[in-house]
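Structure first, then comments.
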Amino acid sequence: MHKATFEQRPKRVALFVTCMVDMLYPGVGIAACELLEKNDIEVIFPEEQTCCGQPAFNAGYRDEARKLARRFLSIFGPLVESGEVDAIVSPSGSCVTMTSHFFEAIFEESQETELSHQAERLASVTFELTEFLVDVLGLVSTGAQLQGKATYHPCCHLYRELGVDEQPRKLLDGVEGLEVVDLPHGDDCCGFGGLFAIKNSGISAAMGRAKARYAEQSGADAIALCDVSCMTHINGILSREGVSCRAHHIAEILNNHLGSTLRPPSQPAPAQADHPRRWGE
Amino acid sequence: MQVDIHAPYKDRVQQALGDPNLRVAVSKATDRMSNARRASMDAIEGQQLRSQVRKMKEHVLSNWPDYLEQLESNLTRNGCTVHWAEGVEDAQAIVKDVALQNSANLVVKSKSMATEEIHLNHALEEAGLRVVETDLGEYIIQLADEPPSHIVAPVIHKRLEEIAEVFQDKLDMPPTREPTKMTSLARAKLRQEFFAAGMGVSGCNFAIAETGTICIVTNEGNGRMVSSMPRVYVVVMGIEKLVPTVEDAYLQLQALCRSATGQQLTVYCSMTSGPRQEGDVDGPEQVHVVLLDNGRSRMLARGYGEALLCIRCGACLNACPVYQEIGGHAYGGTYNGPIGAVTSPALAPEIAQFKELPHATSLCGACREACPVKIDLPRLLLDLRSDLVQQGASPKPEAWGIKSYASLMSSRRMYENLGKMASIGSNLYAGMSGGNIKLLPPPLNGWTAYRDFAPFAPKSFRDWWRDRKKLRRQA
Amino acid sequence: MSVRNTVLARLRETLRQPHLPFPPAQSEPLTHAERMTVTHAPGDIWAQAQRFALELHAVKGSCELLETVTEARLSVVSRLQLWLEEEQAARKTVDAERPEDWEVLCWPLDQLQIEGLPLILKEVGFKLIEPTDLHDPQQRDHIRNVRAGITTVEAAFASTGSFVVGGRGANARAASLTPFRHLVVIPFSRLFATGEDWLAEMRHAGKLDAYVRDSRNLSIITGPSKSADLEGNLTMGVHGPKVVHAILFDDLQH
């Protein structure tokens, strides 16, 4: 996929926060927003945004997916086309894959050429958060500090569809005090897969348990990743299986949301007003 | 517990997940093969090889009928008999007739997916013939009365002690778990069969159109045996297994071997261009080639032609985390793993006959990364899901659910109200069960059967955003 | 309409559809110029011979590299003698010597590229079996228990340790297939850096097409027969030879 190169450093971006982050993990959205602002990027949050339609697309309901895709394009398209924002940034590899790969395809399929072209143009300025921080802003570190041992799980859409892998690893390496260990069989899928987790819950969970075993083997206290959907699945498994480590969205690590030390989840976390929830507390 | 391939999908999956031996055997073997593949592709210009084989195969399929005619005319010129089969029944009948006409009572076979597709063994046995599979793995599963569970490693699902049990049971082998002893026994038994057989049957890894040459690839040498020892040699090949030239064949051979087992070349690549000629010491007196459609042309017409690029290396199975958990039998068709999840429904008269398979994947893309011809398997699986929906083959509650979701998400107001309701409800519920939700109503009970679920946030991101905006305005 | 014509017509009709997602409308063949050589074996003929040995060794075959045909001749004899001893030692019961121990299934000796080989083999006591028709039950039965086979090659490829045997005329396919041990004689003149090089030479000479066709059977062999079907345990000699030994010699000196 063609990605735009910026002659000048972008000034303003639209945050595509994703519905899951909005409703389930606001802390991740806040972290993403603050990470961008700290780097002198003005963030706009188009409040009309809801869901990109991936669940419908994933389940095979293309008409429903197109309905939401049209809506997405009507919200973000004018912002980009008018030059009001330079880029669209999202803390989710999976949702970026939907908007920047599959939108184009589903409008091609329905022979809505205009929309398919619009999707393609938007795709060239749509970035996953770490991709934007590293590739566009040239960051090597966000200045975060965290004591403890973490590992990185490359979520499938991010890793295989977007080809983003070095970027989050680089930023993680740049966290002061954090020891980043290898995750055995790291690039194996965690088993989430959207509707797959419900329709084939037995297989999905077996894959999740394999991920949990490897996470345990790695000796890490935390698994960093770039998608809250996979995070929900992995944490659901870790919690049910009684494994002590937890998955965290990388934005929260990079923006110092986890306190100063990765603690074993058995110790309760201090309440934080602004970042109201954590897993399993 | 063994997987009953005739059981409904859900039962097959349960049986597979319930078999601890299966996971150990399958994941050990698939890891080994995947690592070997990666190392072997990294040792060369692997990406270039993949692109070139894909290009070559794309060209073949663009000119498919022409290449088929070229192959046919060259095979005929070389003295082979060419038969065309539309599907299972006529293919079975052709092979059966050849056997009966030649009074071949014993048939030796080299592992072949095309003959699995047409259930050839069963048909020949019904006609009173004895059929012996000669690939070691295939021989074992034939003794155990099971279908293959992997394209290149048919007995991948069994552990050594399980195989030893089969040999003790069926071949009166004295108790041993010594692989070399078991292999010697199989060699001795099968050697008798090779010398006695009246007919050999194999599939075809690829056929060279310009020369009329059938290529089969094995490590054990059984492919050479079945194509050399009996008087009659029958090849059953899917009509897509074509390459234009000898050089193309050599290129694809290397892509196949590296992707399947990580070998530079398999031990044997046996290339048959026709029956023995006057003065030849050995080789079959008759060579029959059955060109089998069995849904392939339908697959192209349905839009799944890309899967016809498949060279049957099994790399996608080895790379697939789903296959690792459930093995091959749970897929319930001739082909399994990611390529099977596409091929089984796409080849079938009705896609909906295999309506579960396109959903038996997390769409992680590891298969596409491993595929030597870069088939976009996740995309094809998504297309199949869409076709199933269009045909009305998806469950009604699901269709209703997705439509409602799409409507809710089409309105910011409804979306925000839904968020608030879910937050209040899930927090109340979670509060009662100690922070995490352990049980959700159907269909979400699929989630909580194996995983906990955390409640929605009390305050959404957009709440924070608005609060902040308000605060800033006040300041 | 015949099945043939139905299938072909259906394919043609489908390929004419304008919105068929696959295959792409414009699809060029892979040309000879662009087709890659997958593996490489640089260096002179000796470097290539050494590479061949290395690759064959890696797939559990064995190999010797010799400077002259005289050495090759002696090596063939001593290798067969060594195998004979191994066979006899491996046999648990020390029964009377079996005559088939001395039998060697082979291609006509004038094909073996080593002058004087038949004579010396016969002198040492080996009996060379050169079948003429293996569908003849008697001849077929005769080769059943022969433990060693000798062949030469059509070509050998250094970069993969492979060799090609053809089953034409009196060259029995069985000689490289049914015995337990296969001795393969490879003169340097038949050693190529890669399979691609061999094919290119044949293509350039305008012989490839007819050669492949007329050979009726060509086998590319890379090492001894093996299987990993028993839960990944590597076992050798499943159907074909368990032992493959190559004798390479320099026939390019004069």
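A loss of 30 Å² or more of accessible area (1.4 Å probe, protein heavy atoms, ligands and nucleic acids excluded) relative to the isolated chain is seen in these residues of region B:84-132: B:W84, B:E86. Remark: region C:139-145, residue by residue, has Karplus-estimated 3J(HN,Hα) of 5, 5, 4, 5, 7, 3, 9 Hz, where x stands for each Gly or Pro and the curve is 6.51 cos²θ - 1.76 cosθ + 1.60 at θ = phi - 60°.
If packing is taken as the mean number of other Cβ atoms within 10 Å per residue, what is the order of A:179-189, A:196-206, B:216-226, highest first?
So the peptides A:179-189, A:196-206, B:216-226, ranked by packing, come out B:216-226, A:196-206, A:179-189.
Near B:V82: Cβ cut-off under 10 Å, other residues only, Lys/Arg at +1 and Asp/Glu at -1. The net charge is 0. GNM on chain C, alpha-carbon springs under 10 angstrom: the most fluctuating residue among C:E85, C:E34, C:E13 is C:E13. For region B:307-390, the dipole from Cβ point charges (+1 on Lys and Arg, -1 on Asp and Glu) about the Cα centre works out to 160 debye, to the nearest 20.
Between A:K3 and B:K10, the distance separating the two model label sites (each 7 Å from Cα on the Cα→Cβ line) works out to 4.4 nm. Rolling a 1.4 angstrom probe over the protein assembly as shown with all protein chains present gives an accessible area of which 51% lies on carbon and sulfur atoms.
The contact residues of region C:3-17, meaning those that lose at least 30 Å² of 1.4 Å-probe accessible area when all protein chains sit together rather than their chain alone, are C:V3, C:R4, C:V7, C:L8, C:R10, C:L11, C:R12, C:T14, C:L15. For A:I223, the residues whose amide H sits under 5 Å from its own are A:T151, A:R246, A:A247, A:H248, ignoring neighbours fewer than 5 places away on the same chain, with H placed 1.01 Å from N.
Relative contact order for region B:44-294 using alpha-carbon pairs under 8 Å, separation at least 6, rounded to a whole percent?
On the way: 441 pairs, mean separation 69.3, N = 251.
Over region B:44-294, the number comes to 28 percent.
Taking 7 Å steps out from each Cα toward its Cβ at A:Q111 and C:L82 produces label points 7.3 nm apart. Note that the protein assembly as shown presents 37 Å² accessible area per residue, ligands and nucleic acids not counted, probe 1.4 Å. Rounded, prolate or oblate: pick one for chain A, where a ≥ b ≥ c are the square roots of the eigenvalues of its C-alpha gyration tensor, a/c under 1.5 means rounded, and failing that, prolate if a/b is larger than b/c, else oblate. In terms of gyration-tensor shape, oblate. Note that region A:15-23 has calculated 3J(HN,Hα) couplings of 8, 9, 7, 6, 5, 5, 5, 4, 8 Hz, one per residue in order, obtained from phi through the Karplus relation 6.51 cos²θ - 1.76 cosθ + 1.60 (θ = phi - 60°); glycine and proline are x. With a Förster radius of 25 Å applied to the C-beta separation of B:N417 and A:S244, the computed FRET efficiency comes to 0.10. Peptides B:291-299, A:9-17, B:384-392 ranked from most to least packed, by the mean per-residue count of other Cβ atoms within 10 Å: B:291-299, A:9-17, B:384-392.
Mind checking C:199-208 for the average number of partner chain beta-carbons within 10 Å of each residue's beta-carbon?
Mean shielding by partner chains, rounded to a whole number: 2.
As a rough guide to protection, the peptides B:258-266, B:40-48, B:452-460 ranked by mean Cβ packing within 10 Å, highest first, stand as B:258-266, B:452-460, B:40-48.
For region B:414-474, taking Cα atoms only, Rg and Dmax work out to 14.7, 48 Å respectively.
Computed over region B:94-204, relative contact order equals 39 percent, with contacts defined as Cα pairs under 8 Å that lie 6+ residues apart.
Per-residue Cβ counts within 10 Å, from other chains only, averaged over B:216-227: what number is that?
6
Total buried accessible area between B and C, probe 1.4 Å, nearest 100: 8400 Å². Interface area, chains B and A: about 6200 Å² of buried accessible surface, summed, with a 1.4 Å probe and ligands, DNA and RNA left out.
If R0 is taken as 25 Å, the Cβ-Cβ distance between C:A47 and B:Q47 corresponds to a FRET efficiency of 0.35.
Of all beta bridges that DSSP places with both ends in region B:44-294, some 25 percent have antiparallel geometry. Highest GNM mean-square fluctuation among A:G177, A:G191, A:G53, for chain A modelled with Cα contacts below 10 Å: A:G177. Net charge of the neighbourhood of C:V244, taken over other residues with C-beta under 9 Å away and scored Lys/Arg +1, Asp/Glu -1, is +3. Isolated cysteines in chain B, defined as those with no second cysteine Cβ under 4.7 Å, comprise B:C80, B:C204, B:C215, B:C257, B:C269, B:C310, B:C313, B:C320, B:C371. Legend: residues in region B:455-475 shielded by at least 40 square angstrom of accessible surface upon adding the remaining protein chains to the isolated chain (1.4 Å probe, heavy atoms) are B:F456, B:A457, B:F461, B:R462, B:W464, B:W465. Per residue of peptide B:317-329, the mean number of Cβ atoms on other chains within 10 Å of the residue Cβ is 4. Computed from Cα positions, the angle between helix B:461-474 and the longest principal axis of chain B comes to roughly 40 degrees.
How big is the Rg/Rh ratio for the protein assembly as shown, C-alpha atoms only, Rh by Kirkwood, two decimals?
Values: Rg = 31.6 Å, Rh = 30.9 Å.
That ratio equals 1.02.
Amide H contacts under 5 Å for B:H83: B:V289, B:V290, B:L291, restricted to partners 5 or more places along the chain or on a different chain, H placed in the peptide plane at 1.01 Å from N. Pairs of Cα atoms in chain C fall into 5 Å distance bins, from 0 up to the last occupied one, in shares of 1, 5, 11, 14, 16, 14, 11, 8, 6, 5, 4, 3, 2, 1, 0, 0 percent. With an a/c value of 1.5 or above and a/b larger than b/c for the gyration tensor axes a ≥ b ≥ c computed over the alpha-carbon atoms, chain B is described as prolate.
What does the charge count near A:G219 come to, summing +1 for each Lys or Arg and -1 for each Asp or Glu among other residues with Cβ under 13 Å from its Cβ? Charge balance in the 13 Å sphere: -2. Within the assembled protein chains, the solvent-accessible surface assigned to C:L199 is about 10 Å², based on a 1.4 Å probe. Classify region A:1-88: rounded, prolate or oblate, from the alpha-carbon gyration tensor (a ≥ b ≥ c, eigenvalue square roots; a/c under 1.5 rounded; otherwise prolate if a/b is larger than b/c)? Judged from the Cα gyration tensor, region A:1-88 comes out oblate (a/c at least 1.5, b/c at or above a/b). Each residue of region C:21-30 is assigned a 3J(HN,Hα), and the resulting list reads x, 7, x, x, 4, 9, 9, 7, x, 6 Hz, derived from the Karplus form 6.51 cos²θ - 1.76 cosθ + 1.60 (θ = phi - 60°), x at Gly and Pro.
The values are calculated or read from the model by the stated rules, or taken from the named source; none is laboratory data. If you're wondering where the values come from, they're calculated on a predicted model, not measured in any experiment. So basically every Cβ, Gly included, is an ideal-geometry build from the backbone, and we count neighbours across all protein chains shown. Surface areas here come from the heavy atoms of the whole protein model, side chains and all, with no ligands, DNA or RNA. Shrake-Rupley method; radii C 1.70, N 1.55, O 1.52, S 1.80 Å.
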